[in-house]
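What follows draws every value from the coordinates through simple rules; no lab data is involved. Computed from a predicted structure; not experimentally measured. Glycine also receives a Cβ, built like all others from the backbone with ideal geometry; neighbour counts cover every protein chain displayed.
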Amino acid sequence: MQHAQADAPVTQLGDVLTGRASGRRSLEDVTLFDSSGIGLLDLYLGLALLDRLDSTP
């Protein structure tokens, strides 16, 4: 999160995916993804996000 503004609200992606937090609320909201840098974890997360997208009505 080194490039985010110091006062920017930060929500963990896992919280959004599990419904504990809401994601973007408007088109003006910005989503920043800071990957782990470990290819296998990034791949797993990408697959999980695609799976979630496929199951969204």
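Using mean Cβ contacts within 10 Å as the protection proxy, how do 23-34, 41-52 order, highest first?
Working: 23-34: 8.2, 41-52: 11.6.
Those peptides, ordered most packed to least, come out 41-52, 23-34.
Under a Cβ-Cβ cut-off of 15 Å, what is the net charge of the residues other than residue 44 that fall near it, where Lys and Arg count +1 and Asp and Glu count -1?
-1
Run the quick spin-label model on residue 41 and residue 29: label points 7 Å from Cα toward the beta carbon, then report their separation in nm to one decimal.
2.4 nm
Projected area of the chain, taken from the Cα convex hull and averaged over every viewing direction, in nm²?
Average projection, Cα convex hull of the chain: 4.9 nm².
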